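*Asks:* I'd like to ask some things about the structure below.
Nothing in this text is a laboratory measurement; each read-out follows from the coordinates by a stated rule. Everything numeric here is computed off the predicted structure, so don't read it as measured data. Every residue, glycine as well, gets a Cβ built from its backbone with ideal geometry; the counts of neighbours run over all protein chains shown.
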Amino acid sequence: MSYKPSDSYYGEFTTQNFNTGVATDADSLPVATATQNGTDDATFVLTVTNMDTGRYKVTGTVPASYSDGDSVQISVAATVSTVSGKAIIDSFVIQSKRASDIVTDIFAHTPTVGGVVTFEDVIKAVYGMARGKITRDSNAFTFYDDDNTTELYTLTINDSNTRTPN
């Protein structure tokens, strides 16, 4: 799963009795902690809720201050039958835009009269999204190979009537 700044976060974990392996509630509500780029971050507030015997969910909101490329881990500390334990239950990298956001941006900047973004343009854009980075300025989207320097494709929106795929 990918997350952007300000996205809602959701995760689950389970607890078991150490001796028997049977699903068992923790002695008290477990505590979840977010770590951003190797440092625990109290601004990423996480709430733990018991859903069923030995089954919990973790919810919160990714801080708006997080940036593209930040590494995040979610860990949980729980005590079951007096035995304490900790585990990382999730790990992800913040993305400022998902592939679907880029496609939406492309179509949002598609001229409505004259030159229309073609199916071929979309296929090239999706291929570029899967390969490497994407940059956007006021009138162009540039898609790069997985080395993040070799340009695969540029779609330039010149004005409301024309488009120039390269």
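*Asks:* So if each residue of separation counts as 0.36 nm, and I subtract the Cα-Cα distance between Thr53 and Ser84, what length gain in nm does that give?
*Replies:* Full extension of this stretch gives 9.4 nm more.
*Asks:* Counting Lys +1, Arg +1, Asp -1, Glu -1, what net charge surrounds Gly11 among other residues with beta carbon under 13 Å of its beta carbon? Provide the component values of the computation, followed by the final result.
*Replies:* Values: positive: Arg55, Lys57; negative: Asp7, Glu12, Asp90.
Cβ neighbours under 13 Å give a net charge of -1.
*Asks:* For Val22 and Val45 in one chain, what is 0.36 nm times their gap in residues minus the Cα-Cα distance, to one decimal in nm?
*Replies:* Once the chain is fully extended between Val22 and Val45, it gains 5.3 nm.
*Asks:* I've got another one for you. Taking 0.36 nm per residue of separation and subtracting the Cα-Cα distance, what length does fully extending Ser67 through Thr135 add?
*Replies:* Fully extending the segment from Ser67 to Thr135 adds 22.9 nm.
*Asks:* Next up: If you place +1 on the Cβ of every Lys and Arg and -1 on the Cβ of every Asp and Glu, how big does the dipole about the Cα centre of the range 8-93 come out, in debye to the nearest 20?
*Replies:* 180 debye
*Asks:* I would also like to ask the following. Can you work out the PRE-style zone for Ala77? Point 7 Å along Cα to Cβ, and I want the residues of the range 9-43 with backbone N under 15 Å.
*Replies:* Under 15 Å, as judged by backbone N against the label point of Ala77, lie 27-35, 40-42 of the range 9-43.
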